[in-house]
């Protein structure tokens, strides 16, 4: 089963660090952020990877190559200019194939066990009404309102208040059909597609209480860097 790592963002909140370095290549604990993700994916059995890029993307390709150094195989999707999450996935569908696939972000740090999603993908492959599966986490301080609600294993759009909401981690499994309405190369956001599928009862989810961090600012990157080095000492 294939996994896609999203690495096409501009990393504007990380400036000036991202003026010359794409955010997934920023270092924490002696490794690029995307390197931590690739290692966890490989350990979980995901060795056939697709990575998209835009901003300074050739640096990412040059750093990772075909993935041999990480024990994986990487296919590249060069967007030129960022296409948003759904647009980026739609452009890469020819690389992802016709089976359900997993997607994660290249610029976060998480200790989520991706192996948990192998059985989810197998179920989705047999069930055309199982369009997506999302991993939800606690709302971080910079996103207190959250994104979605998890009830009895199903993910739903949020109510009009924040109680009970969780934040979408960016880790998800999808059937290719979810993106069928997007012309490859067009910009498109993921949320409207997910909400339509949620309203049809076709999105499952799980709550992950462990370590997940959107490394969105230089201060957060520095704190993570210091923490990882301390643990390694």
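The values are calculated or read from the model by the stated rules, or taken from the named source; none is laboratory data. Note that the coordinates shown come from a computational prediction; the quantities given were computed from them, not determined experimentally. Here the Cβ is made from the backbone with ideal geometry for all residues, glycine too, and neighbour counts use every protein chain on show.
Assorted remarks:
- Residue in the range 59-68 that is in contact (Cβ under 8 Å) with a residue 24 or more places away in the chain, surrounded by fewer than 18 Cβ atoms within 10 Å (Cβ to Cβ), part of a helix (DSSP H, G or I) and touching a helix residue (DSSP H, G or I) at 6+ places or on another chain (Cβ under 9 Å) present: yes
- Against the list (1) closer than 23 Å to residue 107 by Cβ; (2) touching a helix residue (DSSP H, G or I) at 6+ places or on another chain (Cβ under 9 Å); (3) at pLDDT 90 or above, the condition residue 180 fails is (1).
- Positions within the range 33-58 being touching a residue at least 60 places away in the same chain (Cβ under 8 Å) and crowded, with 19+ Cβ neighbours inside 10 Å, in sequence order: 33, 34, 36, 37, 41, 46
- Residue within the range 129-148 that is under 24 Å from residue 49 (Cβ atoms) and either without any contact (Cβ under 8 Å) to a residue 60 or more places away in the chain or surrounded by fewer than 22 Cβ atoms within 10 Å (Cβ to Cβ) (or both) present: yes
- Matching residues, the range 121-152, being farther than 16 Å from residue 201 by Cα and in a helix (DSSP H, G or I): 121, 122, 125, 126
- Against the criterion of being buried (at least 19 other Cβ atoms within 10 Å of the Cβ) and assigned to a loop (DSSP other than H, G, I, E, B), residue 112 qualifies.
- So residue 125, is it surrounded by fewer than 21 Cβ atoms within 10 Å (Cβ to Cβ), under 26 Å from residue 199 (Cα atoms) and modelled with pLDDT of 95 or more: yes
- Residue check: residue 82 meets all listed conditions (1) closer than 19 Å to residue 33 by Cβ; (2) part of a loop (DSSP other than H, G, I, E, B); (3) in contact with a strand residue (DSSP E or B) (Cβ under 8 Å, 6 or more places away or on another chain) but one, namely (3).
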